[in-house]
Amino acid sequence: MNINKNIAVSDSGFVFNPTTGESYTVNPIGVEIIEMLKQEKSINEINQVLIGRYNADIVTIDKDVSDFINLLKLYSLIENQNAA
Amino acid sequence: MDKFRYERPLIKKLESSMPNKFGMRTEYAPKTHIDGVAVADLISKYGSPVFVLSEKTIRSNVRKARKAFETRYPKVQFAWSYKTNYMDAVCRTFHQEGSWAEVVSGFEYDKAIHNGVEGSKIIFNGPDKSDDDLHKAISNNSIIHIDHFDEFYAIKEIATNLNITAKVAIRVNMDTGIYPMWDRFGFNFENGQAWDALNKIMRSDVMELVGLHTHIGTFMLSPNAYSVAAYKLAELAIGVREKYNHEVNYIDMGGGFASNNTLKGGYLPGVDISPSINEFAEAITSALINSNFRPDKLPLLILETGRALVDDAGFLLGSVLSNKRLSDGRRSTILDIGVNILFTSFWYDHKITPAQPFTQYTEETVLYGPLCMNIDVIREQISLPLLNKGDHVVIHNVGAYNMTQWMQFITLRPKIVMIDIDGKPHVIREGESLQNLLDVEKVPEHLEKFEL
């Protein structure tokens with residue numbers, strides 16, 4: 001799975017895609033996930049990081065991370081999802 | 001180390017379209033308590049979903065409404081509109097506050113009698129009054145508001161047989177400048193039907209004309225329409241006095257005042273555009289006082305206000321069953337509250353808030369109910385915080401027309417709880433059980449057994 005490396009992400013959750021000119025807001029946990037995707041972490045690795053940091057169960061995190069990644073794909077911020 | 005509070009990840013596209021010039025705020029301020037009782041405790045004790053009524057709000061509403069009219073007009077009487085919410089506990093709260101009963105069927109009439117309302121303080125409205133209903137109402141000295149001529153002749157015959165003078169009024173429909181004009185109930189003012197009916201009553205020796213009634217519409221946003229209606233009823237009453245030397249005891253302006261709900265398609269929220277009870281009171285009482293009634297002969301003013309007195313006293317608490325993503329990327333959330341128990345979601349964009357605090361992040365969401373039916377949509381679009389499975393929500397302004405129009409469809413109807421003025425919850429209607437339904441079903445003998 002390759003996140004578009006050109007994407008600019010600010011600490012406050014502002015995301016800019018220079019290829020399309022579109023902007024997005026992301027909440028803090030979303031920023032963390034995007035940063036981990038940039039580091040080429042797998043979904044399983046991301047889930048493990050989040051479970052260690054937040055008070056939620058693995059089912060909730062797995063479901064929500066998948067949904068979030070699908071949205072990134074819908075917004076063309078992820079180029080493909082084969083590596084998951 | 002303590003873990004951080006979890007919030008699901010969210011990404012929201014920034015749209016470059018025109019911002020809303022009214023700058024609507026999203027409704028994420030949580031409603032955690034109702035009259036001091038925690039929503040979480042109510043759901044834990046009574047289940048989810050559950051209707052919750054505030055006795056304190058009902059009493060406060062009816063007192064404010066009485067004050068609005070009584071400070072402007074010398075003789076005022078409220079009559080509780082049973083169809084709006086006929087839970088016994090609700091009706092009795094209104095009766096304790098001095099309201100008579102206003103009913104529109106034999107069933108509602110019996111309920112008012114069961115609640116201990118004197119026959120003479122029951123107003124019987126509506127187009128459906130059977131001969132048995134009329135017999136009962138005439139015998140109990142109740143006030144019958146005649147809807148059509150077939151009813152007039154039925155009353156005449158029954159009252160003659162009983163040798164009792166029936167106390168009657170007519171319902172009058174009229175053009176008050178609003179659309180749609182409700183002309184299906186009662187007798188029309190403009191085309192002379194109302195006078196036809198009044199002449200027949202005045203010439204009958206088994207009926208006494210005690211009042212005049214109108215009910216110009218529902219969820220009315222124009223106080224001026226009531227002013228027009230009050231002038232027209234006053235004109236009829238004064239005409240009766242001049243022609244027959246007969247004074248009517250009362251003018252009944254019906255109900256229809258809007259509540260704070262937002263009608264579907266409304267540009268602004270109901271809370272910003274619904275007139276206050278004071279505005280309706282000013283319009284009606286000014287019209288009556290400025291009419292040609294002699295100051296010492298002003299008739300009693302009866303009001304059958306329902307929705308405006310009970311809507312904001314009702315809450316529906318529920319829980320999130322699931323979050324889903326629709327094909328176009330929109331978020332959808334499934335609640336355990338369906339249109340079967342929230343009938344008013346067909347008319348209103350109900351205010352819905354979470355029952356627990358969240359961060360400032362919100363997401364546009366479609367809210368679905370739990371029914372396996374495509375029509376089961378509670379809100380087509382609402383901006384809500386990032387709700388998770390099991391989180392609770394509070395639907396506001398549901399006190400009117402839901403606990404009477406709800407359907408036993410697919411799921412069973414839930415409990416209704418009323419919080420008293422001391423903050424103590426009481427179950428006022430048990431949740432339905434399968435047995436409740438089986439009790440009224442019958443299976444023919446040849447269908448009792450089968451093999452699969």
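None of the figures in this text is laboratory data; all of them are computed from the coordinates on show. As the structure is a computational prediction, the values presented were derived from the model and not from experiment. Because the Cβ atoms are built from the backbone with ideal geometry, glycine has one as well, and the counts that use them run over all protein chains shown.
General remarks:
- Taking the fewest neighbouring Cβ atoms within 10 Å as the starting point, the ordered list for B:422, B:88 is B:422, B:88.
- Backbone geometry of region B:233-246 corresponds, through the Karplus equation with coefficients 6.51, -1.76 and 1.60 at θ = phi - 60°, to 3J(HN,Hα) couplings of 5, 4, 4, 5, 4, 5, x, 5, 4, 5, 7, 10, 6, 10 Hz, x marking Gly and Pro.
- Tilt relative to chain A, helix A:28-38 - C-alpha long axis, 0 to 90 degrees, to 10: 80 degrees
- Sparse-neighbourhood loop sites, trypsin sites (Lys or Arg not before Pro) in region B:36-116 - DSSP loop, at most 15 other Cβ within 10 angstrom: B:75
- With a 10 Å cut-off around each Cβ of A:45-51, the average count of Cβ atoms from other chains is 1.
- Under 16 Å from residue B:45, Cα to Cα: lysines that are on another chain or at least 8 residues apart: B:415, B:424
- Ascending count of other beta-carbon atoms within 10 Å, so fewest first, for B:443, B:339: B:443, B:339
- Phi-based couplings in Hz for region B:402-418 (Karplus 6.51, -1.76, 1.60; Gly and Pro marked x): 8, 6, 10, 9, 4, 10, 7, 9, 6, 10, 8, 6, x, 5, 10, 10, 10
- Gyration tensor verdict on region B:361-450 (Cα atoms; rounded if a/c is under 1.5, prolate if a/b is larger than b/c, oblate otherwise): oblate
- Computed extension length for residue B:343-residue B:447: 34.0 nm, one decimal, from 0.36 nm per residue of separation with the Cα-Cα distance subtracted.
- Under 5 Å between amide hydrogens, built in the peptide plane, is the criterion, and for residue B:34 it picks out B:39 among residues at least 5 positions away or on other chains.
- Partner shielding of B:52-63 amounts to 0, given as the average count of beta-carbon atoms from other chains within 10 Å of each residue beta-carbon.
- Amide H within-cut-off set for residue A:22, under 5 Å, with H built and near neighbours excluded: A:17
- Mean partner shielding of peptide A:57-66, defined as the number of other chain Cβ atoms within 10 Å of each residue Cβ, is 3.
- Pairs with C-alpha atoms separated by more than 20 Å, drawn from the list A:41/A:63; B:200/B:297; B:121/B:243; B:136/B:156, are B:200/B:297; B:121/B:243.
- Taking the inverse of the mean 1/r over every pair of distinct Cα atoms in region A:8-74 gives a Kirkwood hydrodynamic radius of 12.5 Å.
- Listed by chain and number, the lysines whose C-alpha is less than 16 Å from the C-alpha of residue A:38, apart from same-chain residues fewer than 8 away, are A:5, A:73.
- Our note on the geometry: Cα centres of region B:329-395 and region B:31-47, 18 Å apart.
- Residue order, fewest to most beta carbons within 10 Å, for B:165, B:214: B:165, B:214
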